[in-house]
Amino acid sequence: MGMLAFRVSLALPARLANLKDQFYINFIADDRYMYLVRGLWMTLRITFFAVLLGIALGVVAAIIRSTYDKNVDDMRPGIGKAILKILNAIVKLYLTIIRGTPVVVQLMITYYVIFQSSTNTMLVAVLAFGINSGAYVAEIIRSGIMSIDNGQFEAGRSLGFNYIQTMWYIIIPQALKNVLPALANEFIVLVKETSVSGYVGIMDLTRGGDVIRSRTFVAFMPLLAVAGIYLIIVIIFSKLVSVMERRLRNSER
Amino acid sequence: MSADLEKNDVIISVKNLAKHYKNKKTEIHALDGITTDIRRGEVLVIIGPSGSGKSTFLRSLNLLERPTEGTITFEGVDITAPETDINKLRQKMGMVFQHFNLFPHLTIMDNMTLAPRKLLNMSREDAEAKALELLARVGLQDRADAYPSQLSGGQKQRIAIVRALCMSPDVLLFDEPTSALDPEMVGEVLDVMKALAKTGMTMAVVTHEMGFAKEVGTRVIFMDEGVIVEEGTPNEIFDNPKNERLQAFLAKVL
């Protein structure tokens with residue numbers, strides 16, 4: 001008992017000194033912290049543009065799917081109905097493939113197969129993650145559109161708005177508000193999913209930490225730092241969303 | 001465009017309107033051959049038991065329901081023709097719904113000015129000036145910045161009426177405008193409708209308010225099982241009903 005206590009008390013300052021050394025080696029020496037800074041910047045840029053692409057794709061796909069579900073039975077045969085059927089089939093195929101395969105495989109296919117000679121790897125990642133996210137966003141927004149009372153739709157049409165205008169001015173704003181928590185969750189997932197970017201040689205946050213590990217042969221600190229940074233991003237983002245939600249709710253009271 | 005229309009000119013002409021659809025193998029005839037004209041300045045009141053097709057008829061007039069047979073001509077244009085731009089025509093046919101259908105994400109002012117600004121290209125100032133004037137007419141000018149959820153049912157329906165008026169329609173369609181209201185709020189909505197009728201607005205009203213039909217209606221249509229069973233002036237319909245079904249209906253509701 002006494003021996004053990006003695007050893008711990010001796011070991012503690014030694015360990016602290018060790019931690020200090022580790023910190024120095026991993027982050028300060030050769031400005032290694034810059035791997036994390038540059039990686040974080042890359043992760044944020046990929047996520048930001050992928051989110052934009054995902055929302056754009058998701059809204060379009062959701063409008064096509066819900067238009068089909070709501071109207072196809074009442075439509076007269078003709079070119080409009082044929083186009084809607086084709087668009088709906090394309091969107092369904094898109095959702096099935098994207099949701100049925102792993103994102104890292106999609107990323108590698110985008111990089112190695114579709115853009116074989118591309119040097120702009122960030123663009124490849126934005127496309128891959130944006131297209132992936134769009135499939136999930138589409139189903140979230142579709143559920144939002146379907147949750148809006150049909151009377152809203154009829155009111156818009158009765159004023160003279162066409163289908164797309166009614167969607168844009170009346171249905172989509174209400175649908176987005178209803179699905180905001182689900183959308184926020186999707187983007188939290190997306191931030192973390194970009195951590196597989198290293199598979200195609202992108203220096204994102206995760207890869208940055210990994211590079212430090214390969215230089216210093218110490219895994220503990222760089223990887224914990226990486227995990228901590230993701231955690232902070234997600235916490236900040238969640239906070240922003242809950243503030244936004246509260247403000248949207250208050251605007252109607 | 002409506003200036004050249006004289007009073008009593010036919011605004012909407014309905015010929016042999018029918019809507020049939022299949023529901024679990026049984027063929028349903030929601031409308032079964034309706035023919036009538038709506039004239040400028042007229043207040044047409046449509047009454048009948050539930051399921052008689054009166055709402056379907058009214059909603060066909062601006063194609064919220066698509067009829068399966070027959071034609072509807074609005075200001076000389078066949079709106080049932082596939083090449084007709086129904087969106088353009090709907091701007092001239094306002095509609096008021098049973099459940100108000102105000103846009104909950106917009107203020108009262110934005111509810112009223114959205115369509116004039118986007119569809120008629122009115123400037124924000126002009127659209128808001130017009131909206132304020134209309135709000136004053138229904139006594140709600142101080143609620144312009146409120147959201148629909150902050151209003152009572154009666155207030156919502158008054159807003160819904162002036163929202164339709166912001167588009168300066170030639171005809172207003174009312175689909176059971178007081179049916180979703182608490183009894184004490186029915187009067188305020190009917191008062192707005194009465195005042196509107198006095199200005200010469202052409203109105204088609206589906207309602208259960210027989211008092212309103214008698215007092216304001218210029219013509220009453222009684223529908224049952226998808227057809228017009230009897231039509232005439234309020235006096236003819238309420239004081240001297242000829243058809244048995246109408247007599248039975250009036251005995252129940254009066």
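The values are calculated or read from the model by the stated rules, or taken from the named source; none is laboratory data. Only a predicted model underlies this, so the values are computations on that prediction, with no experimental measurement involved. As a convention, Cβ positions derive from the backbone with ideal geometry for all residues, glycine included, and neighbour counts pool all protein chains shown.
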Exercise for review: Test A:GLY100 against the stated conditions and say whether it is more than 14 Å from every other protein chain (Cβ to nearest Cβ) and either surrounded by fewer than 15 Cβ atoms within 10 Å (Cβ to Cβ) or of a type outside the set (Gly, Ala, Ser) (or both).
Suggested key: yes
Review point. Going through the stretch B:46-100 one residue at a time, which ones are basic (Lys, Arg) and either part of a helix (DSSP H, G or I) or free of Cβ contacts under 8 Å to residues at least 40 places away in the same chain (or both)?
Key: B:LYS54, B:ARG59, B:LYS88, B:ARG90
**Study point:** Members of the stretch A:152-181 found to be of a type in the set (Phe, Trp, Tyr), modelled with pLDDT of 95 or more and assigned to a helix (DSSP H, G or I), listed by number
**Key:** A:PHE153, A:TYR169
Check your understanding: What is the residue count in the stretch B:85-95 for residues that are out of contact with any strand residue (DSSP E or B) (no Cβ under 6 Å at 6 or more places or on another chain) and either under 22 Å from B:MET112 (Cβ atoms) or β-branched (Val, Ile, Thr) (or both)?
Key -> 6
Check your understanding: When the stretch A:121-151 is examined, which residues are found to be within 14 Å of another protein chain (Cβ to nearest Cβ), surrounded by fewer than 19 Cβ atoms within 10 Å (Cβ to Cβ) and assigned to a helix (DSSP H, G or I)?
Key -> A:ASN150, A:GLY151
Review point. For B:GLU42, are the conditions met, namely being more than 9 Å from chain A (Cβ to nearest Cβ) and under 22 Å from B:MET193 (Cβ atoms)?
Key: yes
Review point. Could you give every pair whose Cβ atoms fall below 6 Å, whose first residue belongs to the stretch A:64-78 and is away from chain B (no Cβ under 11 Å), and whose second residue is among the aromatic types (Phe, Trp, Tyr) and exposed (fewer than 13 other Cβ atoms within 10 Å of the Cβ), counting only separations of at least 6 or pairs across chains?
Key: none
Practice item. Kindly indicate whether A:SER118 is among the hydroxyl-bearing types (Ser, Thr, Tyr), under 24 Å from the mean Cα position of the chain (by Cα) and assigned to a helix (DSSP H, G or I). Key: no
Exercise for review: Collect the residues in the stretch A:214-243 that are surrounded by 11 or more Cβ atoms within 10 Å (Cβ to Cβ) and either of a type in the set (Phe, Trp, Tyr) or within 14 Å of another protein chain (Cβ to nearest Cβ) (or both), keeping them in residue-number order.
Suggested key: A:PHE220, A:TYR230, A:PHE237
Practice item. Please find, within the stretch B:167-187, the residue that is surrounded by the most Cβ atoms within 10 Å (Cβ to Cβ) out of those that are under 16 Å from B:PHE97 (Cα atoms) and without any contact (Cβ under 8 Å) to a residue 60 or more places away in the chain. Key: B:THR178
Revision key, fill the gap. The residue that is farthest from the other protein chains (Cβ to nearest Cβ), considering only those in the stretch A:152-196 that are touching a residue at least 60 places away in the same chain (Cβ under 8 Å) and of a type in the set (S, T, N, Q), is A:SER195
Practice item. Just need a number here: residues in the stretch B:118-140 that are facing chain A (nearest Cβ under 10 Å) and either assigned to a helix (DSSP H, G or I) or within 21 Å of B:ASP191 (Cα to Cα) (or both). Key: 2
